[in-house]
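Report on the following structure.
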Amino acid sequence: MERYYQKDIECASRETMLELQNEKFLKQVRHVWENVPYYRKKMEDNNVAIEDIKSLEDLHKLPFLSKEDLRESYPYGLLGCDLKKCVRIQSTSGTTGKRVVAFYTPEDIDLWEDCCARAITAAGGTDEDVCQVSYGYGLFTGGPGLNGGSHKVGCLTVPTSSGNTDRQIMFIRDLSTTILCCTPSYAAYLGERMKELGLGPDDIPLKAGIFGAEAWSEEMRHDIEKTMGIKAYDIYGLTELSGPGVSFECSAQNGMHINEDHFLPEIIDPDTGEVLPEGSEGELVFTSLDKEAFPLLRYRTKDICMLSREKCSCGRTLIKMRKPKGRSDDMLIIRGVNVFPSQIETVLMNHGYAANYQIIVDRVNNTDTLEVRVEMTPELFTDRIIEIKERQKALVDGLKSMLGLKAQVTLVAPKTITRSEGKAVRVIDNRKI
Ligand code: DLL
């Protein structure tokens with residue numbers, strides 16, 4: 001039986017949702033116009049006055065906001081209310097440039113935690129469950145967001161944060177954890193460690209995992225599900241919009257329902273900014289509908305994605321987004337060909353390897369080179385040169401047909417590639433140096 005946390009919203013008719021979105025949208029735009037001089041100036045520079053925004057239909061008139069705007073206005077430039085009303089900040093991991101700091105009022109946190117509670121409930125969570133939150137706590141939103149959602153659902157919450165892998169497994173077993181929340185790469189690592197300890201799916205009480213914060217392939221999902229004996233659900237979000245829970249997967253496990261009563265999505269052409277029709281692939285853009293401290297209108301996420309309003313078997317009417325392929329800034333251009341790390345991952349996993357790999361890009365004599373270093377699993381381990389060469393050749397062929405590019409493949413011994421406890425860093429691009 002499908003469970004919902006806020007059924008009236010999650011299963012609302014299209015008319016009801018549109019009415020709600022329209023009302024919130026007009027309020028949010030006015031809130032920004034009156035309280036965020038940075039954005040008001042952007043509107044004025046684009047010759048848009050508040051009077052021009054009469055309904056949702058006028059959304060496209062508003063200028064975009066980008067990560068560069070957030071950096072430029074750091075730290076207080078996009079604050080939508082008196083700092084005195086704010087009770088929390090969270091911040092991005094800062095891997096690409098200056099950190100982004102997002103602010104929250106108590107109401108903002110409440111809405112965010114509702115979104116995470118919807119995700120946990122969609123994964124089957126109830127007040128009978130033990131929910132272990134192994135996302136990092138602190139400035140990263142993963143830990144605090146799912147912790148809050150877990151409280152709201154009434155689960156017994158185990159805030160382990162990430163790291164200390166053997167202790168994670170000890171808690172899972174001793175406290176009978178049923179729901180695990182962490183990045184997919186950390187879930188894969190936990191699964192690997194469980195196998196090493198001789199633990200199979202029947203020795204682990206887990207039934208579901210809520211994994212997100214990075215792109216991961218369908219093949220990786222199957223691998224984790226098999227190792228742990230669970231159902232693995234995707235969850236998406238970004239600090240700028242609150243954190244995890246912008247969208248979440250349901251029992252259908254084929255795309256994430258966007259909490260569109262809080263976050264209005266659009267897909268645009270990343271080069272021209274043109275809004276694309278439903279079903280097109282492009283950059284995901286969000287407008288927050290009811291955030292007080294950090295309201296963002298038409299924020300460009302850089303995530304490459306697709307939206308669909310196809311009827312979902314779970315009964316939710318919330319629009320769905322496909323698993324993001326990756327970020328436009330993660331996309332590698334190698335000898336003129338667009339390559340997403342997730343495509344490489346799919347090929348490796350289809351050949352029986354785990355998600356322990358590194359992509360090394362370089363430029364030699366003005367030509368881009370692509371090397372994929374992949375770990376042999378203990379099952380696939382061999383030290384026979386001929387066999388290694390054959391396996392490397394099979395991967396080169398697989399990558400060629402997926403990417404249309406010739407890559408060099410190097411098989412390395414098990415356990416030689418560093419494991420990740422948070423978001424995995426898989427690409428080393430030496431061309432920038
Ligand atoms: O990663 C928030 C989060 C925490 C989401 C825990 C899910 C679970 P940031 O650190 O600001 O926030 O990074 C946001 O991560 O723009 C995407 O590029 C990527 N991302 C997040 N979730 C997914 C996902 C958190 N499920 C950026 N699939 C986003 C693919 C994801 N990419």
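So what's Rg/Rh here for the stretch 1-97, counting alpha carbon atoms and using the Kirkwood radius for Rh?
1.05
Using 0.36 nm per residue of separation minus the Cα-Cα distance, give me the extension gain between Lys54 and Gln392 in nm, one decimal.
So the extension gain works out to 115.7 nm.
Please give me, ordered by residue number, the chymotrypsin sites (Phe, Trp or Tyr not before Pro) of the stretch 36-98 that lie in loop per DSSP and have at most 13 other Cβ atoms within 10 Å.
Tyr76
Quick one: compute the contact order of the chain, relative version, from alpha carbon pairs under 8 angstrom and 6+ residues apart, as a percent.
Averaging sequence separation for qualifying contacts and normalising by length gives 14 percent for the chain.
In percent, what relative contact order does the stretch 241-349 have, based on Cα pairs under 8 Å that are 6 or more apart in sequence?
Relative contact order here is 22 percent.
Extension gain Lys400-Leu20, at 0.36 nm per residue separation less the Cα-Cα distance, in nm?
So the chain would gain 132.0 nm between Lys400 and Leu20.
What distance in nm separates the two pseudo spin-label positions at Arg40 and Glu310, each 7 Å out from Cα along the beta-carbon direction?
4.6 nm
Sort 315-325, 14-24 by the packing proxy (mean of other Cβ within 10 Å over each peptide's residues), most packed first.
Most protected by this proxy first, the peptides run 315-325, 14-24.
Hey, can you rank 54-62, 294-302 by average C-beta count inside 10 Å, highest first?
Most protected by this proxy first, the peptides run 294-302, 54-62.
Would you kindly enumerate the cysteines in the chain that have no other Cys beta-carbon under 4.7 Å from their beta-carbon?
Cys11, Cys81, Cys86, Cys115, Cys116, Cys181, Cys182, Cys305, Cys312 - these cysteines have no disulfide-compatible partner (Cβ-Cβ under 4.7 Å) in the chain.
Looking at the stretch 80-238, I'd like the Rg to Rh ratio, where Rg is from alpha-carbon atoms and Rh is Kirkwood's inverse mean 1/r.
When Rh is taken as the Kirkwood radius, the ratio is 0.99.
Starting from a Cα-only point model with no solvent, please compute log10 I(q)/I(0) by Debye for the stretch 220-309 at q = 0.15, 0.19 1/Å.
-0.63, -0.91
What whole-number value in cubic angstrom gives the convex hull volume per residue for the C-alpha atoms of the chain?
Measuring per residue, one finds 147 Å³ for the Cα hull of the chain.
Hand me the GluC sites (Glu not before Pro) from the stretch 200-278 located in a DSSP loop with no more than 13 other Cβ atoms within 10 Å, in residue order please.
Glu274, Glu278
Can you pull the percent of Cα pairs in the stretch 334-429 with separation above 20 Å?
Taking all Cα-Cα pairs of the stretch 334-429, the fraction more than 20 Å apart is 34 percent.
So which GluC sites (Glu not before Pro) in the stretch 372-433 are both in a DSSP loop and have at most 12 other Cβ atoms within 10 Å of their Cβ?
Taking the stretch 372-433 and a limit of 12 other Cβ atoms within 10 Å, the loop GluC sites (Glu not before Pro) found are Glu379.
Among the listed pairs Lys226/Lys393; Lys7/Lys320; Lys226/Lys423; Lys195/Lys415; Lys24/Lys54; Lys323/Lys423, give every one whose C-alpha distance is greater than 18 Å.
The pairs that break the limit, which is 18 Å between Cα atoms, are Lys226/Lys393; Lys226/Lys423.
Sorted by accessible area with a 1.4 angstrom probe, largest first, how do Asp290, Asp330 fall?
From most accessible down to least: Asp330, Asp290.
Rounded to the nearest whole Å³, what is the per residue volume of the convex hull around the Cα atoms of the stretch 255-391?
Convex hull volume per residue, Cα atoms: 183 Å³.
Could you put Ile386, Ile268 in order of accessible surface area, largest first, with the 1.4 Å probe and the full protein assembly present?
Descending accessible area places them as Ile386, Ile268.
The values are calculated or read from the model by the stated rules, or taken from the named source; none is laboratory data. Everything numeric in this text was worked out from a predicted model, so none of it was measured. We place every Cβ from the backbone using ideal geometry, glycine too, and count neighbours over all the protein chains shown. Just so you know, the surface numbers come from the protein's heavy atoms only, side chains and all, with ligands and any DNA or RNA stripped out. Shrake-Rupley method; radii C 1.70, N 1.55, O 1.52, S 1.80 Å.
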